[in-house]
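Worksheet: the structure to be examined is printed underneath.
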Amino acid sequence: MLMCLGAVAVAACALQRAQTAADAKKQMIGMTKEAVLRCMGAPAANASVGATEVWTYRSGDAVAAGYNYCNINVAFAGGVVSQVNYTGETGGLISKGEQCAYAVEHCVH
């Protein structure tokens with residue numbers, strides 16, 4: 001019985017993180033670079049394509065161990081976030097994006 005409750009709790013947490021990641025993709029639009037630095041910290045990498053600048057972050061349970069993780073690409077146009085995309089190991093079938101939530105959770109209200 002205790003084992004089942006633990007499994008339910010873990011699944012509920014994964015679904016909550018997936019919702020946080022989905023919310024961030026909407027709520028971060030329009031944020032300034034300074035606001036993103038405050039809530040996510042410095043990016044692992046950045047690049048520019050024309051007038052668009054993209055900051056890349058890594059997130060997930062396994063980042064410190066060097067395993068698979070979610071890549072978060074935050075695109076800026078005109079100095080504000082225009083798009084947030086997730087690639088890599090983002091989560092499970094019903095918890096898509098949940099591994100990305102670790103990096104974006106402080107940007108969500």
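Please treat every number below as a calculation from the coordinates, not as lab data. Predicted model, so just to flag it, every value in this text is computed and none were measured. Because the Cβ atoms are built from the backbone with ideal geometry, glycine has one as well, and the counts that use them run over all protein chains shown.
Some points to look at:
- Karplus-derived HN-Hα couplings along segment 99-109 (A = 6.51, B = -1.76, C = 1.60, θ = phi - 60°), whole Hz, x at Gly and Pro: 6, 7, 4, 4, 8, 9, 4, 7, 9, 9, 8
- Between Asn46 and Thr56, the built amide H atoms are under 5 Å apart, and every one of these is 5 or more places off in sequence or on another chain.
- On the beta carbon distance between Gln19 and Val80, with R0 = 30 Å, the FRET formula returns roughly 0.80.
- Per-peptide packing, taken as the mean over residues of other Cβ atoms within 10 Å, places 42-48, 52-58 in the sequence 52-58, 42-48 from highest down.
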